[in-house]
1. Can you give me the number of residues within the range 374-397 that are in contact with a Pro (Cβ under 8 Å, 6 or more places away or on another chain) and under 30 Å from Thr291 (Cα atoms)?
2. Of the conditions (1) surrounded by fewer than 22 Cβ atoms within 10 Å (Cβ to Cβ); (2) within 27 Å of Leu164 (Cβ to Cβ); (3) of a type in the set (Ser, Thr, Tyr); (4) without any contact (Cβ under 8 Å) to a residue 60 or more places away in the chain, Thr223 fails just one. Which one is it?
3. Among the strands (runs of 3 or more DSSP E) confined wholly to the range 90-159, which include 3 or more residues that are in contact (Cβ under 8 Å) with a residue 24 or more places away in the chain and under 20 Å from Ser78 (Cβ atoms)?
4. Would you mind finding the one in Tyr237, Tyr260, Tyr270 that is among the hydroxyl-bearing types (Ser, Thr, Tyr), within 27 Å of the chain's Cα centre (by Cα) and surrounded by fewer than 23 Cβ atoms within 10 Å (Cβ to Cβ)?
5. Let me confirm something: among Ser126, Ser71, Ser83, Ser93, which residue is surrounded by 14 or more Cβ atoms within 10 Å (Cβ to Cβ), over 23 Å from Ser280 (Cα atoms) and in contact with a Pro (Cβ under 8 Å, 6 or more places away or on another chain)?
6. If the requirement is being modelled with pLDDT under 95 and of a type in the set (Phe, Trp, Tyr), which of these qualifies: Phe95, Phe167, Phe110?
7. Residue check, Trp275 against (1) at pLDDT below 95; (2) in the same structural domain as Asn180 (by TED's automatic domain parsing), all met but one. Which one?
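The values are calculated or read from the model by the stated rules, or taken from the named source; none is laboratory data. All of these numbers come straight from a predicted model, not from anything done at the bench. Positions of Cβ are backbone-derived with ideal geometry, glycine not excepted, and every protein chain shown enters the neighbour counts.
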Amino acid sequence: MSAQAPEVSLPQAATSAAPAMHHGADVPPPGMSVDDDVEPEALRSGDSPAIACAGDGESGPRVEVLYARASNVPDRYSSYLASFRTWVGDADSYFSASAAETGGSRRLRFVHNASCALVVHNVVLSPTGDDSFDNTVTELQAAGYTRDDRRYMTFVDANILCGLSGFWADDQPSLENANNHGTLYGRLDAGCWSGHAFAHELTHMLGGVQLSAPNSSGGSHCTDENDIMCYPDAPNYPTMQTECANAANEYRLDCNHDDYFSTAPAAGSYLATHWNVANSAFLMAGSPALTALAPTSGPLAGGTVVTVTGVNFTGATKVTFNGAAGTSLKVVSPTTLKVTAPARSAAGVVNVQVTTSGGTSPANSAAKYSYAGAPSVSSMRPTSGRLAGGTVVTITGVNFTGATRVTFNGVAGTALTVVSATTLKVTTPARTTAGAVNVQVTAPGGRSATGNTAKYTYKA
């Protein structure tokens, strides 16, 4: 982004969670001026970028768009509504094209109506509500725009500044990163209404650019042009380097994808070990896909915590086992989640599927989970042996597949071999006193019950 004016540093604003930064008032994009209003741009026929539908259009982390004016400013909402939707669609297309450069897919999660049209709220401020960023935020909060899963981006009908937004200085890679949670606000004034400026301010609100980034400017921007987020800002006003000469990169995120946005960062690289905007909960990835489950089986009673591995899990809302939803879902990372398997009435193999705003994962061989009936012991041979242990016992019964343990009065036998679903072999442990003990088998379906057919006698 080409610089036209110095950036102004602003004080931090307190929030309920921690102090959030104002990164400073941004300079206008090339060809724009704070003092000159942007003319309305009609919704383009045929080639206008459309936002992506995301679920019900309301729930979960989303970008919510507003038009705000002071009460002493004429209402231009109707004249600009189509333009707002066009510019927002442009911004979304920049995220999408940037993700494609690293082989991925990302779309912004907006608040939209049932027809998937962007919702743009019309907000009236007091006569001083547009005088400063802080005034605007205070009045938006008073009007109820306070959801903690929102990024509120506001087209303000004023000519006070170009753009300004909240930003969390948190570079930890976890999805618990502050930039993934809480309420933040952004403001674009009428001289800078555009897809470029919208994408720039929103990227700040999603966590770019962290001060620890390799090409950080020292003021929440970057130094490797061309890039939506790069220009020489306060406090250092660094020298810029042209690393991506193509002019189209002025409308792309992260030249060389090494500072703040990559859908496929190399292992051990900065974006693999620090905050990556591509992992934001306010973005949709492509459809999720599963590559592995651990464990792959459990009891009919449910309750097994299953670790699911795959891709595009950010924002996952549901994991189903043959259509029945698991519980205690926790998204650990874009490639890993944990979920507790639900109960099931009949044994068998079921499909496991993950649902996100990007869709539902397809069934595949790596996404199979087996419900097993509880193991049961019907006989054993021999039924007795010496106190020193070491006797190889053959146990017959059902549901032995995947058995992990056989105990003799709670003491585990050794050299366990599962011969088949109905037969296993185990070596008895030693015991100090003679007498009959209960023998129990532990398998994915649970632990076998005690009974006369599951007794082994230690003889002196």
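1. 1
2. Only one criterion in (1) surrounded by fewer than 22 Cβ atoms within 10 Å (Cβ to Cβ); (2) within 27 Å of Leu164 (Cβ to Cβ); (3) of a type in the set (Ser, Thr, Tyr); (4) without any contact (Cβ under 8 Å) to a residue 60 or more places away in the chain is unmet by Thr223, namely (1).
3. 120-125, 150-156
4. Tyr270
5. Ser83
6. Phe167
7. Only one criterion is unmet by Trp275, namely (1).
Residue-by-condition table, conditions (1) under 30 Å from Gln353 (Cβ atoms); (2) surrounded by 14 or more Cβ atoms within 10 Å (Cβ to Cβ); (3) not assigned by TED's automatic domain parsing to the domain that holds Thr304:
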| residue | (1), (2), (3) |
| --- | --- |
| Ser384 | no, yes, yes |
| Val398 | yes, yes, yes |
| Arg405 | no, no, yes |
| Ala412 | no, no, yes |
